[in-house]
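Report on one structure; see the data block that follows.
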Amino acid sequence: MPTEADFAKPRFITGGCLCGSLRYRIDFHDSHDFLGASGTCQCTQDRKATGSLWLQYHKVTPPSKFTFTSPTTSLKHYNASPGAARGFCGECGSFLCWKPVEDTGRVTISVGTVDSLYLFGEGADGKEVPEGGFGFALANGGGDHEWCGNEIKGVTEGLSILGHERGKRWDGDPE
Ligand SMILES: [Zn+2]
């Protein structure tokens with residue numbers, strides 16, 4: 001079992017939308033903080049955008065790098081709030097990422113769009129992916145847990161726990 005003290009860290013991962021039109025790759029710098037970058041959000045915007053009660057996200061900040069490796073013809077943006085663009089596929093609806101409108105190189109990705117190979121090692125034969133993949137590195141919950149004020153009692157409360165307390169809880173947006 002991976003633990004916060006010992007888990008496999010990827011050098012890079014790939015992911016994409018449900019229909020496959022949008023593909024991306026993330027290259028992680030040696031300094032990338034896999035614990036601090038992994039969080040959840042229960043805001044109403046993320047619920048509506050994902051159709052799920054919480055968003056499991058991972059923050060990619062320079063010098064780590066997010067790059068589209070496919071054409072971005074089907075990439076659409078929706079600004080649910082000023083200053084923030086939500087990137088999704090106009091063909092299949094997958095919500096891929098969230099970023100400041102002003103390009104800072106900072107992108108927050110929906111961890112559910114990461115390829116199964118990297119999430120849990122499916123199809124890992126001969127590839128540089130350990131058994132079990134890098135799901136822990138991406139979704140350990142060591143970072144912020146946002147909008148916990150929107151928790152649904154008995155259902156989504158204590159998302160940061162997953163065995164024990166991890167990360168910081170915020171009633172709203174930590175920023
Ligand atoms: Zn798509």
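The values are calculated or read from the model by the stated rules, or taken from the named source; none is laboratory data. For clarity, every value in this text was computed on a predicted model and none was experimentally measured. Heads up, the Cβs are rebuilt from the backbone with ideal geometry, glycines too, and the neighbour counts pull from every protein chain shown. Please note that ligands, DNA and RNA were not included when accessible areas were found on the heavy atoms of the full protein model with its side chains. Shrake-Rupley method; radii C 1.70, N 1.55, O 1.52, S 1.80 Å.
Miscellaneous remarks
- Complete set of residues in region 20-35 that are more than 16 Å from the ligand (Cβ to nearest atom) and within 17 Å of the chain's Cα centre (by Cα): Arg25, Ile26, Asp27, Phe28, His29, His32, Asp33, Phe34, Leu35
- Lone unmet requirement of (1) modelled with pLDDT of 95 or more; (2) out of contact with any Lys or Arg (no Cβ under 6 Å at 6 or more places or on another chain); (3) under 22 Å from Gly133 (Cα atoms) for Thr40: (1)
- Yes/no for Gly121 being open to solvent by less than 30 Å² (accessible area, probe 1.4 Å), closer than 23 Å to Arg169 by Cα and modelled with pLDDT under 95: no
- Where a residue in region 126-142 is open to solvent by less than 30 Å² (accessible area, probe 1.4 Å) and its partner, wherever it lies, is among the aromatic types (Phe, Trp, Tyr) and part of a loop (DSSP other than H, G, I, E, B), with Cβ under 8 Å and at least six apart: Ala137/Phe7; Ala137/Phe34; Leu138/Phe34; Asn140/Phe7; Asn140/Phe34; Gly142/Phe34
- Filter result (assigned to a loop (DSSP other than H, G, I, E, B), touching a residue at least 60 places away in the same chain (Cβ under 8 Å) and in contact with a strand residue (DSSP E or B) (Cβ under 8 Å, 6 or more places away or on another chain)) within region 40-82: Gln42, Cys43, Trp54
- Look at region 3-25: where a residue is free of Cβ contacts under 8 Å to residues at least 40 places away in the same chain and a partner is open to solvent by less than 10 Å² (accessible area, probe 1.4 Å) and assigned to a strand (DSSP E or B), sitting 6+ places away or on another chain with Cβ atoms under 9 Å, you get Phe12/Ile26.
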